[in-house]
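S.K.: Once you've had a glance at the structure underneath, I'll fire off some questions.
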Amino acid sequence: MPMSVIKKSIAAAVLAAAGIAVLLVAGEHLLGAHGTAAAAKLPLPVMKVQKTNMRQNIELPAEFRPYQEVDVDAKVRGYVKSLRVDVGDRVKEGDVIAELEIPEASDDLAKAAAGLDRSRHQAAEAQAVFDDAQEMYQRLAAVMKERPELVAQEDLDQAKAKADAARAASVAAESAVSEAEAFHTQQRDLLNYSRITAPFDGI
């Protein structure tokens, strides 16, 4: 075999070996230190990318606690007349939750109303008496100023004293009316306490 042919064959073999070495080094770099050429030929799983909402439900033990909690008590003692709600019912502020029966409170309110009417009637009578007495005194005073000989000073003094007494009685009657109104309002508020209402919206 000619020498030139042998040199060409050797050169081709050297180039082939170098190419194989390069491929092996590149394969190890791509597949890892322990990768093999057979592993490079395994099929890889693929899937289509889709946009979805990521959600995960987890069941955990828990309990509901209110933001605001209050004990509703009655301001007065009495018997439960009606209970309009039960546990778990929704109520609005001012809704009646329960009503109490207080017989003595109803009687006291009726007495207070009667006393207020009586005081107002007495005050009206006292005012009428004062108006008459004051008018009589003013008439006598006017006559005495124009015709002193027709009116005695004693009569004028008595008329003035009577007018002053009527004024005092009228003032006392008005004070009695104020006291009767205050007592009536107190009894009315006390009876209103028998209605227990919701302090705010809630359950």
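S.K.: Could you give every pair whose Cβ atoms fall below 6 Å, whose first residue belongs to segment 87-98 and is under 9 Å from Thr197 (Cβ atoms) and touching a residue at least 40 places away in the same chain (Cβ under 8 Å), and whose second residue is open to solvent by 50 Å² or more (accessible area, probe 1.4 Å) and outside any strand (DSSP E or B), counting only separations of at least 6 or pairs across chains?
M.R.: Glu93/Phe200; Glu93/Asp201; Val96/Arg84
Listed here are the residues, each with its yes/no results for (1) surrounded by 13 or more Cβ atoms within 10 Å (Cβ to Cβ); (2) closer than 20 Å to Ala172 by Cα; (3) among the basic types (Lys, Arg).
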{"residue": "Ala110", "(1), (2), (3)": "no, no, no"}
{"residue": "Gln127", "(1), (2), (3)": "yes, yes, no"}
{"residue": "Met136", "(1), (2), (3)": "yes, no, no"}
{"residue": "Arg139", "(1), (2), (3)": "no, no, yes"}
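S.K.: Would you confirm whether or not segment 154-172 contains a residue that is of a type in the set (D, E, K, R), open to solvent by 80 Å² or more (accessible area, probe 1.4 Å), at negative phi and in contact (Cβ under 8 Å) with a residue 40 or more places away in the chain?
M.R.: No - not one qualifying residue is present in segment 154-172.
S.K.: Can you tell me which residue in segment 173-203 is surrounded by the fewest Cβ atoms within 10 Å (Cβ to Cβ), limited to those that are in a loop (DSSP other than H, G, I, E, B) and in contact with a Gly (Cβ under 7 Å, 6 or more places away or on another chain)?
M.R.: Residue satisfying both the conditions and the ranking: Ile203.
S.K.: Sort out which residues of segment 144-153 are open to solvent by less than 60 Å² (accessible area, probe 1.4 Å) and part of a helix (DSSP H, G or I), and write them in order of number. Walk me through how you get there before you give the answer.
M.R.: Step one: list which residues in segment 144-153 are open to solvent by less than 60 Å² (accessible area, probe 1.4 Å), which gives 144, 151-152.
Within segment 144-153, Met144 is the sole residue that qualifies.
S.K.: Looking at (1) in contact with a helix residue (DSSP H, G or I) (Cβ under 7 Å, 6 or more places away or on another chain); (2) of a type in the set (D, E, K, R); (3) open to solvent by less than 100 Å² (accessible area, probe 1.4 Å), which is the one condition that is false for Arg120?
M.R.: Exception for Arg120: condition (3).
S.K.: Among (1) at pLDDT 80 or above; (2) loosely packed, with under 10 Cβ neighbours inside 10 Å, there is one condition Ala38 misses while meeting the rest; what is its number?
M.R.: (1)
The values are calculated or read from the model by the stated rules, or taken from the named source; none is laboratory data. Quick caveat, the model's predicted, so the values are computed rather than measured. Glycine gets a Cβ as well: all are built from the backbone with ideal geometry, and neighbour counts include every protein chain shown. Note: accessible area is taken over every heavy atom of the protein model, side chains too, but ligands, DNA and RNA are not part of it. Shrake-Rupley method; radii C 1.70, N 1.55, O 1.52, S 1.80 Å.
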